[in-house]
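First up is the structure itself, then whatever we jot down about it.
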Amino acid sequence: MKKLVVVLGAGALLAGWIFMSQETATSHYTVYEQAVNDPGRSDEDRARDESRKPGQILEFYGVEPGMTVVDMVSGGGYYTVMLSNVVGPDGLIYAHNTTGTPEEDMTARAERYEPLGNVTLTQSDMWSLDIADDSVDRVFLFLIWHHVHFQPDDGERMSDYAKAVVAEARRVLKPGGVFGIIEHRAATGSSRADSNDWHRVPEELVIEDLTSQGFELAATSDLLAVDGDPMNCDWHECRERGETVRWVHAYKSPD
Ligand SMILES: C[S@@+](CC[C@H](N)C(=O)[O-])C[C@H]1O[C@@H](n2cnc3c(N)ncnc32)[C@H](O)[C@@H]1O
């Protein structure tokens, strides 16, 4: 009975989110289109658009002009550049990098983002962001959770490392802000250890982890679902890039 109530609660939240998202989509669609079509984007980034559907993803997460957004473990900046375009001159993007990022990569990223005018490049551990409390509207962690959700010493329980990363996202988010996570999907029921080997995460485990730390699952999307992925293999070996099922989750921080 308790489980049913929880499921219904999540359904109501989901309905509310979709309604909000569609309203945003109607009034700001051109912002997403403009960001994806920006001639300043690299050919390398553009080549990944068909499988990553960035315009629809940014629309799903309700990113708007003027927002402050953390692109956590931003990598080559695939999303950073489009986010910069969407939030515009009144917004701010933190392009976060882990401490192990080579210096030459940091230099190249600094040069790439400087002309954009609204991107702050940061480097720190994921659990120790150089960002003020309650100051950002969105935190995005895309294709990184598989590095976090399993730590060998913690076995099949949520690791202290994962708890620290989630707590950090919650610290920097404004009340009601959204933590967006996307990851290659592992088959339902897969263990943390197996899915770690496959560079994937099963949906039910991330939901359990995030909700146990005070976030609410506000919405999910099947925008990045594809056919034919068995979801029980190292995707580098059994699938081509862009041909995995990826889950897309939005978690809301408490108001
Ligand atoms: C698939 S990219 C994702 C980058 C970016 N979030 C995006 O969506 O384009 C992989 C990134 O994972 C980072 N990475 C590799 N090992 C990691 C680890 N153990 N913990 C966190 N990040 C790691 C790499 O530095 C690289 O930037």
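The values are calculated or read from the model by the stated rules, or taken from the named source; none is laboratory data. Nothing here was measured: the structure is a model prediction, and the numbers come from that model. As a convention, Cβ positions derive from the backbone with ideal geometry for all residues, glycine included, and neighbour counts pool all protein chains shown. Just the protein is used for accessible areas: all its heavy atoms, side chains included, with ligands, DNA and RNA removed. Shrake-Rupley method; radii C 1.70, N 1.55, O 1.52, S 1.80 Å.
Observations
- Across segment 98-141, the number of residues qualifying as surrounded by 12 or more Cβ atoms within 10 Å (Cβ to Cβ), more than 16 Å from the ligand (Cβ to nearest atom), part of a loop (DSSP other than H, G, I, E, B) and within 19 Å of the chain's Cα centre (by Cα) comes to 3.
- Test: residue in segment 3-11 that is basic (Lys, Arg) and modelled with pLDDT under 95: yes
- ASP153 being more than 11 Å from the ligand (Cβ to nearest atom) and free of Cβ contacts under 8 Å to residues at least 24 places away in the same chain: yes
- Of the listed requirements (1) closer than 30 Å to LEU92 by Cα; (2) assigned to a loop (DSSP other than H, G, I, E, B), ALA162 misses just one: (2).
- Scope segment 193-221; condition over 22 Å from VAL139 (Cβ atoms) and of a type in the set (D, E, K, R); matching residues: ASP194, ASP197
- On inspection, VAL166 passes the criterion of being touching an Asp or Glu at 6+ places or on another chain (Cβ under 8 Å) and not charged (D, E, K, R).
- Test: ALA162 is open to solvent by less than 10 Å² (accessible area, probe 1.4 Å), closer than 19 Å to PRO202 by Cα and either within 16 Å of the ligand (Cβ to nearest atom) or within 17 Å of the chain's Cα centre (by Cα) (or both): yes
- In segment 113-139, the residues that are of a type outside the set (Phe, Trp, Tyr) and modelled with pLDDT of 95 or more form Cβ pairs under 7 Å with partners that are open to solvent by 70 Å² or more (accessible area, probe 1.4 Å) and within 16 Å of the ligand (Cβ to nearest atom), at six or more places apart or across chains, as follows: GLN123/THR99; SER124/THR99; ASP125/THR99.
- When ARG241 is tested against the conditions (1) modelled with pLDDT of 95 or more; (2) open to solvent by 60 Å² or more (accessible area, probe 1.4 Å); (3) of a type outside the set (S, T, N, Q); (4) under 18 Å from the mean Cα position of the chain (by Cα), the lone failure is (1).
- Within segment 167-178, the set of residues being surrounded by 24 or more Cβ atoms within 10 Å (Cβ to Cβ) and hydrophobic (A, V, I, L, M, F, W, C) comprises ALA169, LEU173, VAL178.
- Selection from segment 28-84 of residues that are assigned to a loop (DSSP other than H, G, I, E, B), open to solvent by 30 Å² or more (accessible area, probe 1.4 Å) and more than 12 Å from the ligand (Cβ to nearest atom): ASN37, ASP38, PRO39, GLY40, SER42, ALA47, LYS53, GLU64, PRO65, GLY66
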